[in-house]
1. Looking only at segment 689-715, which residues are open to solvent by 80 Å² or more (accessible area, probe 1.4 Å) and over 23 Å from G636 (Cα atoms)?
2. How many residues are closer than 27 Å to E300 by Cβ and either modelled with pLDDT under 85 or open to solvent by 20 Å² or more (accessible area, probe 1.4 Å) (or both) when one looks only at segment 173-199?
3. Testing A553 on (1) crowded, with 21+ Cβ neighbours inside 10 Å; (2) closer than 24 Å to N953 by Cβ; (3) of a type in the set (A, V, I, L, M), one condition comes back false. Which one is that?
4. Are any of the residues in segment 714-731 under 24 Å from Y775 (Cα atoms), small (G, A, S) and part of a strand (DSSP E or B)?
5. Inside segment 469-510, can you point out the residues that are closer than 21 Å to L427 by Cα and modelled with pLDDT under 85?
6. Identify, please: which residue in segment 900-931 is open to solvent by less than 40 Å² (accessible area, probe 1.4 Å) and in a loop (DSSP other than H, G, I, E, B) and is, among those, nearest to H803 (Cα to Cα)?
7. Yes or no: V379 crowded, with 22+ Cβ neighbours inside 10 Å, farther than 28 Å from L188 by Cβ, of a type in the set (A, V, I, L, M) and within 20 Å of the chain's Cα centre (by Cα)?
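The values are calculated or read from the model by the stated rules, or taken from the named source; none is laboratory data. Keep in mind that what you see is a predicted model, and the values were worked out from it rather than measured. So basically every Cβ, Gly included, is an ideal-geometry build from the backbone, and we count neighbours across all protein chains shown. Just so you know, the surface numbers come from the protein's heavy atoms only, side chains and all, with ligands and any DNA or RNA stripped out. Shrake-Rupley method; radii C 1.70, N 1.55, O 1.52, S 1.80 Å.
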Amino acid sequence: MPPKKKDTVVTFGATPATAEQAESQMASMSLHDLDHGSTEPTPATAAVMESAADNSAASEALIEGRESGSDKPRNIKRFCPKGHSHREKMPGCLDMPARRPIPVLNEDLKLTPLNELDFVKNPDKLRKEHNNLVKDAPGFVPHTYEQSIAAKSKLDYHSIRTNIATLEGGPEVVSNHLKVTIPRGTVLYEYRVVGLPSQTRRAKRRMLIRDMIEHNEELVRFDQESAIATDCFDKVISRIPLHNEVPDDEAEKDIEVLDTTVRHYHPGDGKPFVDIRLKLRFKVAHKLDGLREFVEGTNESYMDTGAAEAINIVIARSISTHADIFQAGKKRFYYRPGWTSLEGAVPESAGLMAIRGYYASIKPAMGSVLLNVNTVTSVFYQPKPLTEYLDRFHIGSNSPSFTLATANANTADSRLWKKCQEHLKGLRVYVDFKRAAENKIPEIDTDSTNEASIDDVSRRVKTLVGLGNNPEHVFMTVDGVEKSVWEHLQDKYENAKVDGGKDYKTGNVGRLDAPKYYLASQLRVLSDQPYRRFPMPSALTERMIDVARRTPAEDCRAIIGEGLKSFGFNSSDKPPMLEKLGITVSESMVRIPCREAQGPGVQYRNYHQPKDTLTPYNKGFWHVPADVIFEETSQGFIKGSKGSSYVQFFCTTDRFEYPSVADKYVENFINLHNANDLDTLQLCNGQPTFQEIRRWDVDSLKEHLEKFGNLGLAVGVFTKSDAETREKYANFKIVVDQHLGLKSICLNEQRMCGSLGGHFGEGAPVLGDRQLTGYMRNIAMKLNLRCGNWNHRLRPADLLPRHSDTIILGADVTHPGGGSLRFTPSIAAVVGSIDQHFARFLGSMRLNTSRKESIEKMQDMVRDLLLLYHAQNKKLPSNVLYYRDGVSDSQYALVRHHEVGAIRKAFVQARAKARIITPAKAINITTVVVTKRHHTRFYPQAMDAKSITKSGNCLPGTVVDAGITSPYYSDFFLLSQNVPEKNYATARPAHYFVLENGMKLTPRDLQDFTFNLCHTYGRSNTAVSYAPPAYYADRLCERGRLYLQPLQDKAKEYKGLSEEELMEKAKAIFYKRRTLDEEKNPWHENHDRTMFWM
């Protein structure tokens, strides 16, 4: 019988006080994940248009997407619930995009013949009633603009798949998806835990929810019977109802199941103990038949109210029952025996280890519900005494035996001491000795003493807020008497572990303003804690990549072998909750049809004829001949002219690693640059080769560079890649980009020497005048783009059919990283092509509300780009191909309604600003969302040399648009890059989801052109991993992030400001060349018509 609603009282943390139990209970939910995969290396001229133009019939037609003079929107077919067809909309009918039946997959994941599909034989199933779809969605009431848009999208629909480009009988690939079988009639009941304190870390939420479950008899029984699962945040999923049945008209109301009080909960931060009242409420019953019908193609109106997430929670519980598995993150599971030490790379690697694990998530796909499983590797802290961390935190390479364990805090190197504090701050530690009663904590119940309560697990687990000096040199006042920490601990705790404790620092587990110290020997770092420091030191990143990297074959074997075995999916002892639900997971990966896009021909100025066209070797990269001349080089370093320009090299006071060959860096740079028909470079007369700059703050840099009045190119030369160097780099770019408008480039000695490969021995490298050809040619490609030119292009036959009348847009939003000020603004960037070859893009950039994904100033930025397009081509385009980077599927509707609508409005404004008086035409917009951060991977089925790359991956140009894609909407995966053989990593395909297709491109045309476009990335002779317009926008956002560095430098001053106040500070820094009410591009106008950020 389900439990009746009742009041219970539970006590927080009444479990045995062992460190092992504490470790099993405490697991953090945020981490740095390293997925296996490969990586790659405008003036604001328009004002707001006249309001009269906004009200014109033509502009309204453009905004709504219909032909001027017509009342009917384009591409809309009338559907009636009764199956009638109407030319005009009638009561009870709904406007829907016309749907064509699509192929799905059968049990063996083979294509089912089209005429055998259920909804082809029964076309009436396509005419289900859609009226009141949003209103009738169980448990869903839109109450914000974003939610309303998301709900409305179900009525509007995205681009419906009309056909697939991959055909049965063709080539196949293996994908890291397992088929999930769900019995008919399966129901999962979702409950919410109400009353959890806000701003509570996930670890404390986990403990509160577990205590709630463990101290209720019915919930304990259901837990033991594998009837319930929790995400340890606020959800409980049950395979049986925990509430009494209610009438259907009451089904959407919250039903209270349990009312519980958790006593003696400690919120931390010096706050007193409190009692927490938690309630368990029924939210919704997930009938999984709807999900089955959706993937099988028989229920296109299905709205997922959380069924997939409920299955994920059940699967997470099933996986986490394995003794060697711990969960960190919603869908990531780590295998404890699979760890590798990372110690020794840098001082900050003390106590760190990499643990391999697996990502697992449910995915509704074409014909089946699938479980996506992928390998992941993350950095964690090793569970060990704090003293061992201090012993292994080396002071530096010059004195490896000198450790912070024996250093005096007042005399030790301040930078190292700061690094040590940052390395350990925030870790959860366990007080590893039995403490005496403090007589300040109220009794828990009549059967418990104060001594028992202080040694409970929850009272032993502390957060390390910092380190103190040696215990004899840290003093505190106790009962009016000043004592050292050493004396206090000996007096207070008779069981304290104090052996050898004098020699180590102390750990503060209280607050900074009210410290509470223990000896380092009394504290033990708990397990399963992820490394959260950002950015990760470069040496540690390289070590991590080496540990995490696997070939595709190794990846595949790990998932099928260790992964499924540790999950319990391929053993006779199946996970109990899944077994009782009847849900099964296949033990083998799916095979899916694919096709290979052919790829384009690449042209340079002296390689234009068909016989000279460079065909990408192995469809991923092409060799650039030594005599190649870049496609366009007419623009030089001095604005509006080409000829001879002066260059000056600026360096830091850090010594070069190989000073004897420093002049060769310059010689190689100038020789390789002048060999490509670019602006001739020469050193400034009377100046040393390298100008050493001691102060790299913005004002000092600006003053120093202004001395070179005729400077055409400023070159920054750095010897390191550490955090201090990144700060200098940011200030350098602020000065040359925003203040002076200079062309610039930066060289890094580590990368230059690394590019030498086998030429680089133990001593200083022997450099000829062209030894650094590869590195310097890449620098020359960047500089040509920054002058406003382009390097190569595609053959006309490889472009879109209407390429001369099309603009390609790319957009991205970057959010503040770890350690940033609260409310630090996000940055949005949009780029647009201005030539018919899609080789040259210009950019626009604005600040965005903190962590808001939709682009607020989309209309203004697109208007600026359209005016630049008009200035170049003397017309506006009729077609827009828009690649949007970085949005999740829950945000698709917002992109369509807000951003695509803003593009249409931008056309109206651009027409008015450009004084175009010809009749307005409808704008055809095709919008494609590009996702690169996902866990889908492909593995070759055939291992012959013609079917794989040298790194063991599928060939570039591999396209998949069936099997693992959407059952209804148009999307595809494209593997466009060739992972270098030396990297031997598993390539990650990009996922493209078509939101709308106003240009009416066929799936094959869009897939082929996107692959061709990946070969146009301006600074590489390889195809990149996703569409360059989105890539360009991403890089422009990263440049904008540098401009906000001064905001972070004033973190102490600005801490505590409201969102509005911090935005005003950010605007003053970001738009420093503009008036306070003028939000336009933050860079100097000299850069408006160049790709200076490349």
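1. Applying the first criterion (open to solvent by 80 Å² or more (accessible area, probe 1.4 Å)) to segment 689-715 yields 692, 694-695, 699, 703, 706-707, 710.
Residues satisfying the conditions are E692, R694, R695, D699, E703.
2. Qualifying residue count, segment 173-199: 7.
3. Here A553 clears every test but (1).
4. Taking every residue of segment 714-731 in turn, at least one turns out to be under 24 Å from Y775 (Cα atoms), small (G, A, S) and part of a strand (DSSP E or B).
5. Hits for segment 469-510 are N469, N470, K497, G501, Y504, K505.
6. I923
7. yes
Per-residue answers, yes or no, for (1) within 29 Å of T186 (Cα to Cα); (2) at pLDDT 90 or above; (3) in a strand (DSSP E or B):
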position	(1), (2), (3)
A539	no, no, no
V547	no, yes, no
E554	no, yes, no
S571	yes, no, no
V585	yes, yes, yes
